[in-house]
Amino acid sequence: MLQIQNLSVEVDGKKILHGINMSINIGETHVLFGPNASGKTSLLMTIMGFPKYKVIEGRIFFKSQDITALPLDERARLGIGLAFQRPPVVRGVRMQDIVEVCLRGREDGTVIKTLATRLNLTELLDREINYGFSGGETKRSELLQLLSQNPELVLLDEPESGVDLMNIALVGEVINELLQKELMRTRTRAGLIITHTGHILDYVNTHKAYLLINGRLCCEGNPQELLNDIRKTGYERCAECRR
């Protein structure tokens, strides 16, 4: 589904990612750990194609197609979807409007209400996107848009951030739905999740974990084992041991 080869990226002339190599197969969900400012969000933004993130070396392949030079909108149309860590407020555009755009005419209006009900967002459909939303409402708004878009590669930047204990189980259920976790051999989607706390792993099973420090992938391994090592010894010590 996704293959990243020797990827180096700079922002405003400063190199922030160094020689990243990563491969995610169809049906797999991988997780990315790392301290603040380690480059995790930058990696997701680069995969999605935000122009601020300039690829200076390496390639990104999606379903065997080289997308390194493709603009963001074309990557979205190909089937890549992103849920932001801090989603923007969009004044003048209703939630219902953006969901209709994401559906691209594939479904009728009843589907929007069904999806909104699933995420307890029906009362917010006529509100401007994320304007005045709580942290949990904003995260569920992002998931509503992803469900509507129906991407094949799901990128999630700290999906549990700002979500209270009453809603994190719901967020986990919807992520599992997005990633077709109820399916086994017929699963056609893949995912990459960033998490600081690891709480989302209580609800979403993942296949492989990576540790990113200072823009470099230090190691990879079993998600729960790597998370336990980080909790015991911290990021730097964990990276040293696993080298």
Q. Since Arg231 meets every condition but one in (1) surrounded by fewer than 21 Cβ atoms within 10 Å (Cβ to Cβ); (2) closer than 29 Å to Leu7 by Cβ; (3) in contact with a Leu (Cβ under 9 Å, 6 or more places away or on another chain); (4) not hydrophobic (A, V, I, L, M, F, W, C), which condition does it not meet?
A. (3)
Q: Confirm whether Gly19 is buried (at least 18 other Cβ atoms within 10 Å of the Cβ) and small (Gly, Ala, Ser).
A: no
(Q) Which numbered condition in (1) among the hydrophobic types (A, V, I, L, M, F, W, C); (2) in contact (Cβ under 8 Å) with a residue 40 or more places away in the chain; (3) over 19 Å from Ser161 (Cβ atoms) is the only one that Leu32 fails? (A) (3)
Q | Conditions (1) surrounded by fewer than 16 Cβ atoms within 10 Å (Cβ to Cβ); (2) over 20 Å from the mean Cα position of the chain (by Cα); (3) modelled with pLDDT of 95 or more; number of the one not met by Gly58 | A | (1)
(Q) With the condition being over 25 Å from Asn176 (Cα atoms) and touching a strand residue (DSSP E or B) at 6+ places or on another chain (Cβ under 7 Å), I'd like the strands (runs of 3 or more DSSP E) fully within the stretch 47-125 carrying at least 1 qualifying residues. (A) 54-62, 90-94
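The values are calculated or read from the model by the stated rules, or taken from the named source; none is laboratory data. What you see is a predicted model, and the numbers here were worked out from it, not measured in a lab. Methodologically, a virtual Cβ is constructed for each residue, glycine included, from the backbone with ideal geometry; neighbour enumeration extends over all protein chains shown.
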